[in-house]
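Here, each number is a calculation from the coordinates, and none is a lab measurement. Bear in mind that the values here come from a model prediction, so they are computed numbers and not experimental data. Glycine also receives a Cβ, built like all others from the backbone with ideal geometry; neighbour counts cover every protein chain displayed.
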Amino acid sequence: MKKIIRIVSAFLLLLALSGCAASNGHDTLNAKDKPLTWQGKKEKPFGKFEYRKLDEAEAKKLLEDKFLVELPQYYEDINIVFNKHFETEASKLEPVEYSITANGESLYFRAINKYSQNEELKLFTYIDFEYQFDQEKKQATLKNQTITIANPTQEGQLPKNDFEETVKDLSSLMNMNIRKNLEDLQTLMDKEKGKLGDAVLQVYENTKDAKAANELQKSIAVELNEQEHIIQTFFYITDTIDEDQ
């Protein structure tokens, strides 16, 4: 009888250990955050390579065929939001520039959108993804993301002058509810008017709540120029869900 109990106990322990080894934080990740990240099997680091001035097809082929990674599901939706808010009869999208840099266990992807008006560049957007290779787990993960809207004009106005709507649309893609945060930002800028020149202000961050909600870590910040107009907006996503297990 004791022998049977020991065998059963050993079997249950083996099942438990096997389950732990097979699972990771992505298995329990909030469903609304799953389109924001990517993780897959990979046997070797990325090596050392640098590719500039790629078109979309070339960039995707390199990512998928050479480096064995993929863009997150929501990537195309980012560009839809960009073009919805930044393309007008006067503001035109130039050909998108892509670049990929591999450095050992890290792989960097960048897409640059340029919007011009009367042949003069008025607005830039950057999509930056960093993938990291884990030698022990033999897998690659989309670890860090930065989405940037850069408006170098002194007035800081977007083509449709719709800053709040643009930020709401992008943050909705990233599973962030920021209506109250935008109200707080405007209140701060009104209250501290004349004191915020060249400041960088945090609009949103979920670092304290991300683990309990099984979400990725996210934040939004804005940079002001000397005249206190918003000239850059940053959206950050960091995948620490495996580390939190």
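Quick notes on this one:
- Dipole magnitude for region 98-210: computed about the Cα centre from +1 point charges on Lys and Arg Cβ and -1 point charges on Asp and Glu Cβ, it is near 140 debye.
- In the set (1) 55, 45, 31; (2) 83, 44, 27; (3) 49, 36, 33, the label that goes with Cα extents along the principal axes in Å computed for this structure is (2).
- Fewest-first ordering of Met189, Met176 by other beta carbons within 10 Å of each residue's beta carbon gives Met189, Met176.
- One decimal place: the segment Asn30-Asn83 gains 16.3 nm when fully extended, by the rule 0.36 nm per residue minus the C-alpha distance.
- Fewest-first sequence of Phe133, Phe234 by Cβ atoms within 10 Å of each Cβ: Phe234, Phe133
- Under 20 Å from the Lys66 label point (7 Å along Cα→beta-carbon), backbone N, region 35-49: 40-49
- Neighbour net charge for Ala199 - beta-carbon separation under 11 angstrom, K R +1, D E -1: -4
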